[in-house]
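Asks: Got a structure for you, questions after.
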Amino acid sequence: MNPRNPKFILLLVIAVMVAAFFIFDLGQYLTLDFLKSKQQEFDVYYQQNRLATLLIYAVIYVLVTALSLPGAAVMTLAGGALFGLGAALVVVSFASSIGATLAFLVSRFLLRDWVQAKFGDKLGAINAGIEKEGAFYLFSLRLVPIFPFFMINLVMGLTPLKTVLFYLVSQIGMLPGTFVFVNAGTQLGQIDSLGGILSPGLLLSFALLGVFPLIAKKILGVIQARKIFAGHQKPEKFDYNLVVLGAGSAGLVSSYIAAAVKAKVALIEKHKMGGDCLNTGCVPSKALLRTAKMLSYAKRAQEFGLQSTEVKFDFAEVMERVKQVVATVEPHYSVERYTKLGVEVIEGEARITGPWTVEVNGQTLATRSIIIATGAAPMIPPIKGIDQVDYLTSDNLWELRELPGKLAVLGGGRIGSEITQAFARLGSQVTQIEMEERIVPREDTEVSEYLTQVYEHEGIQVLTGHMAQEVRIESSGQWLVCEHRGQQVKVAFDQLLVAVGRKANVTGFGLEELGVQVSQRGTVEVDPLLRTNFPNIFCAGDVAGPYQFTHTAAHQAWYAAVNALFGQFKSFKVDYRVIPWCTFTDAEIARVGLNETEATEQGVPFEISRFGIDDLDRAIADSEAHGWIKVLTKEGSDKILGATIVGSHAGDLLAEYVLAMKHNLGLNKILGTIHTYPTLAESNKMVAGEWKRAHAPEGLLRWIEKYHAWRRG
Ligand SMILES: Cc1cc2nc3c(=O)[nH]c(=O)nc-3n(C[C@H](O)[C@H](O)[C@H](O)COP(=O)(O)OP(=O)(O)OC[C@H]3O[C@@H](n4cnc5c(N)ncnc54)[C@H](O)[C@@H]3O)c2cc1C
């Protein structure tokens with residue numbers, strides 16, 4: 001940096017001042033002990049030179065805050081002790097606001113341009129938020145000091161917040177806190193014996209210090225709620241404690257919980273009870289995969305010592321079985337069952353018409369709280385010409401009664417991969433197309449490579465790094481045109497299945513009109529309590545994200561329901577620490593916590609323990625001797641950071657790691673647990689054994705060996 005550059009000069013001045021503070025140990029003068037020992041001298045000086053003392057105090061205060069040095073809190077207490085409540089409050093209030101604004105300006109002058117230029121694109125949302133809500137946000141940070149004040153000064157300097165606004169909000173926002181500290185200081189000043197420490201005045205002042213942030217937080221919550229509810233008429237009485245939109249996994253669980261705790265709850269469903277999971281998702285897909293698995297076993301008959309197993313089947317009957325499976329599971333989620341559980345189920349399309357009102361079938365329901373659980377729908381990418389064909393999605397796939405000869409599956413994620421394998425095993429000629437460089441891209445590369453090998457072995461064409469661009473209908477047939485490394489690649493298909501992700505259902509039922517905020521990812525914006533920007537409207541499941549699983553929807557549902565019904569007493573932040581999932585391909589791919597790629601990207605130090613399931617007795621007996629378990633542990637410890645399992649029944653095997661991670665049990669505990677022989681679950685013990693072997697105390701073992709040799713004589 002040019003030494004004549006004003007930024008450089010300012011930086012140098014600050015560095016010299018801060019260095020001087022620490023080199024000359026000036027901090028010793030800003031301790032309670034020092035100030036207390038000099039209290040009498042200060043008092044005398046103050047009585048003789050009031051104005052000068054206040055001025056010197058104010059200048060030192062401004063310098064300490066402007067340079068972000070430690071000591072402001074002690075100085076505030078000392079101010080109260082020396083000058084009394086009134087004078088100290090005025091001086092500290094102005095000095096702290098001026099000092100904070102100087103720190104804000106220094107940070108802005110030195111760093112803002114650089115930060116905005118480097119991270120401007122990522123800061124877009126923060127900048128927009130500061131433009132819109134900056135003053136209120138700063139006000140809340142000033143009132144409820146969850147971050148140290150010096151940090152707030154510096155960070156706010158990097159945002160577009162106006163300086164005058166920063167000063168004014170700081171001055172007002174810090175006033176209550178300053179009062180509490182100065183008041184505590186006045187009490188400290190009166191202590192002249194050990195007994196004084198327990199004086200009621202001092203105890204009250206410190207109790208006030210402790211509860212002030214909580215009270216301020218509550219008051220802020222009320223102010224924020226008033227702001228958001230302004231213009232909406234709150235009903236005098238409510239028909240319900242809770243109204244839930246959508247009877248999928250999230251809606252069913254939240255309404256069930258509400259009924260179990262005796263709340264009056266209405267559950268509204270516009271289509272089918274059970275939502276996606278039952279009707280078009282988990283249940284039908286797993287039923288179809290089961291038949292596909294049977295067929296794969298039949299193909300491998302000789303591996304099991306059978307000469308041949310010729311399987312004849314009609315695809316339509318397979319799909320009828322899938323339908324039958326759904327019908328068999330259906331009663332678990334039926335209107336009758338939920339009515340018996342105490343939920344009022346309303347069949348119809350719901351619309352949120354106000355913070356406390358939901359309209360359905362021409363009726364308006366008044367409710368204290370609402371849970372949005374409207375799920376997600378398949379995303380259709382804007383591919384040229386796609387509307388010319390009756391493409392399939394996970395919504396309408398289950399109506400198919402004729403096996404496609406050539407099936408193109410667009411999407412290499414979980415859903416696309418499961419359907420790809422199922423149809424290939426049923427006899428379709430399947431091409432799977434993925435724009436990323438590998439299928440199942442959320443997993444480690446070795447997992448993607450393994451699955452690709454399995455697929456290619458089963459006759460599936462896997463095209464990765466292929467970007468679908470156009471659907472063409474020509475005399476030669478239907479084609480999906482893709483771009484691959486600058487080349488055009490044409491994929492012929494009879495049916496095209498689109499499985500490129502799922503988009504949250506956030507439109508068409510009143511959210512836009514009411515002003516419920518939607519995130520950049522397209523899901524409803526929620527805080528850790530699963531509240532939307534309306535504090536009585538909650539959200540759970542696929543529509544809230546960030547995960548799109550039945551078990552995460554049900555997990556969130558508990559938090560949404562409990563916070564909606566009992567939030568005025570206690571709220572719970574949703575716990576995403578241990579989230580498992582499984583891709584039900586063959587081999588299954590199951591994961592919880594970090595995989596190797598993520599741990600490396602996040603810079604988390606880790607060790608790997610690995611066990612090849614091909615070596616497990618039961619897997620060999622089952623002719624399922626393939627796959628592996630890879631467990632990541634914290635460096636030098638048996639604490640589990642994550643586990644990936646590839647193999648038969650991986651989804652079931654994973655449960656042991658989910659339990660261990662949730663309850664902080666390490667690999668030693670898994671190793672010390674008896675696992676039934678011969679089961680696939682034994683592989684969990686085996687991998688724990690691998691960890692133990694790698695951490696054997698070699699030095700000690702050498703001594704033990706010598707001891708045994710000595711015993712043998
Ligand atoms: C093919 C496939 C396979 C899957 N496999 C698995 C799996 O193996 N394991 C797993 O964990 N997850 C799986 N999933 C994901 C799982 O299905 C979803 O995560 C889960 O269903 C989400 O539940 P939800 O309650 O959030 O939403 P949904 O189940 O989508 O329920 C939302 C409900 O809201 C209703 N609704 C919407 N708007 C309104 C309105 N205005 N008024 C009234 N009702 C309304 C809808 O009709 C719907 O019934 C799979 C998904 C698919 C598509």
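Asks: Take the residues in region 256-281 that are surrounded by fewer than 18 Cβ atoms within 10 Å (Cβ to Cβ) and within 19 Å of ALA376 (Cβ to Cβ), then tell me which one is farthest from the ligand (Cβ to nearest atom).
Replies: Among residues in region 256-281 that are surrounded by fewer than 18 Cβ atoms within 10 Å (Cβ to Cβ) and within 19 Å of ALA376 (Cβ to Cβ), the one farthest from the ligand (Cβ to nearest atom) is LYS272.
Okay, residues lined up against (1) modelled with pLDDT under 85; (2) polar (S, T, N, Q):
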| position | (1), (2) |
| --- | --- |
| TRP114 | yes, no |
| LYS118 | yes, no |
| ASP121 | yes, no |
| VAL144 | yes, no |
| VAL155 | yes, no |
| VAL164 | no, no |
| PRO176 | yes, no |
| GLN190 | yes, yes |
| LEU198 | yes, no |
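Asks: Among the candidates ALA619, ALA643, which residue alone is in contact with a helix residue (DSSP H, G or I) (Cβ under 6 Å, 6 or more places away or on another chain) and not in a helix (DSSP H, G or I)?
Replies: ALA643
Asks: Criterion first (hydrophobic (A, V, I, L, M, F, W, C) and either within 16 Å of the ligand (Cβ to nearest atom) or surrounded by 15 or more Cβ atoms within 10 Å (Cβ to Cβ) (or both)) does ALA327 satisfy it?
Replies: Criteria not met by ALA327.
Asks: Check whether at least one residue in region 368-380 is away from the ligand (no atom under 12 Å from the Cβ) and crowded, with 16+ Cβ neighbours inside 10 Å, and report yes or no.
Replies: yes
Asks: I would also like to ask the following. Starting from region 482-500, keep only residues that are free of Cβ contacts under 8 Å to residues at least 40 places away in the same chain, then list their pairs with residues that are open to solvent by 30 Å² or more (accessible area, probe 1.4 Å) whose Cβ atoms are within a distance under 6 Å, requiring at least 6 positions of separation or different chains.
Replies: Pairs that qualify, where the first residue is free of Cβ contacts under 8 Å to residues at least 40 places away in the same chain and the partner is open to solvent by 30 Å² or more (accessible area, probe 1.4 Å), are GLU483/MET467; GLU483/GLN469; LYS490/TRP479.
Asks: Still on this structure, I have one more. Just the residues that are in a loop (DSSP other than H, G, I, E, B) and either among the small types (Gly, Ala, Ser) or touching a Pro at 6+ places or on another chain (Cβ under 8 Å) (or both), please, taken from region 419-435.
Replies: If the condition is that a residue be in a loop (DSSP other than H, G, I, E, B) and either among the small types (Gly, Ala, Ser) or touching a Pro at 6+ places or on another chain (Cβ under 8 Å) (or both), then GLY427, SER428 are the ones that fit.
Asks: Within region 505-512, is even one residue more than 12 Å from the ligand (Cβ to nearest atom), open to solvent by less than 20 Å² (accessible area, probe 1.4 Å), over 23 Å from the mean Cα position of the chain (by Cα) and at pLDDT 95 or above?
Replies: no
Asks: Conditions first: (1) open to solvent by 80 Å² or more (accessible area, probe 1.4 Å); (2) in a helix (DSSP H, G or I). ARG4 passes all but one, so which condition is the exception?
Replies: The number of the failed condition is (2).
Asks: Could you say whether any residue in region 75-94 is surrounded by fewer than 17 Cβ atoms within 10 Å (Cβ to Cβ), modelled with pLDDT of 90 or more and of a type in the set (Phe, Trp, Tyr)?
Replies: yes
Asks: Condition test on ASN127, is it over 19 Å from PRO70 (Cα atoms) and either at pLDDT 75 or above or assigned to a helix (DSSP H, G or I) (or both)?
Replies: yes
Asks: For region 517-564: of the residues being over 17 Å from the mean Cα position of the chain (by Cα) and open to solvent by 10 Å² or more (accessible area, probe 1.4 Å), which is farthest from the ligand (Cβ to nearest atom)?
Replies: The extreme case among them is PRO535.
Asks: Within region 661-680, which residues are farther than 23 Å from ASP617 by Cβ, assigned to a helix (DSSP H, G or I) and open to solvent by less than 40 Å² (accessible area, probe 1.4 Å)?
Replies: MET661
Asks: Within region 447-460, count every residue that is surrounded by 15 or more Cβ atoms within 10 Å (Cβ to Cβ) and out of contact with any helix residue (DSSP H, G or I) (no Cβ under 6 Å at 6 or more places or on another chain).
Replies: Total satisfying the criteria: 7.
Residue-wise test of (1) free of Cβ contacts under 8 Å to residues at least 60 places away in the same chain; (2) in contact with a Gly (Cβ under 6 Å, 6 or more places away or on another chain); (3) on the phi > 0 side of the Ramachandran plot; (4) among the hydroxyl-bearing types (Ser, Thr, Tyr).
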{"site": "ALA301", "(1), (2), (3), (4)": "yes, no, no, no"}
{"site": "ALA327", "(1), (2), (3), (4)": "yes, no, no, no"}
{"site": "TYR333", "(1), (2), (3), (4)": "no, yes, no, yes"}
{"site": "ARG337", "(1), (2), (3), (4)": "yes, no, no, no"}
{"site": "LEU341", "(1), (2), (3), (4)": "no, no, no, no"}
{"site": "THR357", "(1), (2), (3), (4)": "no, no, no, yes"}
{"site": "ILE370", "(1), (2), (3), (4)": "no, no, no, no"}
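Asks: Same structure, new question: Quickly run through region 473-488 and pick out the residues that are open to solvent by 60 Å² or more (accessible area, probe 1.4 Å) and in a strand (DSSP E or B).
Replies: ILE473, GLU474, GLU483, GLN487, GLN488
Asks: Do you know which residues across region 219-240 are free of Cβ contacts under 8 Å to residues at least 60 places away in the same chain and over 12 Å from PRO535 (Cβ atoms)?
Replies: ALA230, GLY231, GLU236, listed by residue number.
Asks: Which condition from (1) modelled with pLDDT of 95 or more; (2) open to solvent by 10 Å² or more (accessible area, probe 1.4 Å); (3) assigned to a loop (DSSP other than H, G, I, E, B); (4) away from the ligand (no atom under 13 Å from the Cβ) is the one that LEU463 breaks?
Replies: Only one criterion is unmet by LEU463, namely (3).
Asks: I'm checking my understanding of the structure. Among residues of region 681-713 that are acidic (Asp, Glu) and within 20 Å of ASP638 (Cα to Cα), which one is surrounded by the most Cβ atoms within 10 Å (Cβ to Cβ)?
Replies: Here the residue is GLU682.
Asks: Let me ask another. Out of all the residues in region 568-588, which are buried (at least 18 other Cβ atoms within 10 Å of the Cβ) and either aliphatic (A, V, I, L, M) or modelled with pLDDT under 95 (or both)?
Replies: VAL574, ALA587
The values are calculated or read from the model by the stated rules, or taken from the named source; none is laboratory data. If you're wondering where the values come from, they're calculated on a predicted model, not measured in any experiment. Every residue, glycine among them, receives a Cβ derived from its backbone with ideal geometry; neighbour counts consider all protein chains shown. With ligands, DNA and RNA removed, areas are computed over all heavy atoms of the protein, side chains included. Shrake-Rupley method; radii C 1.70, N 1.55, O 1.52, S 1.80 Å.
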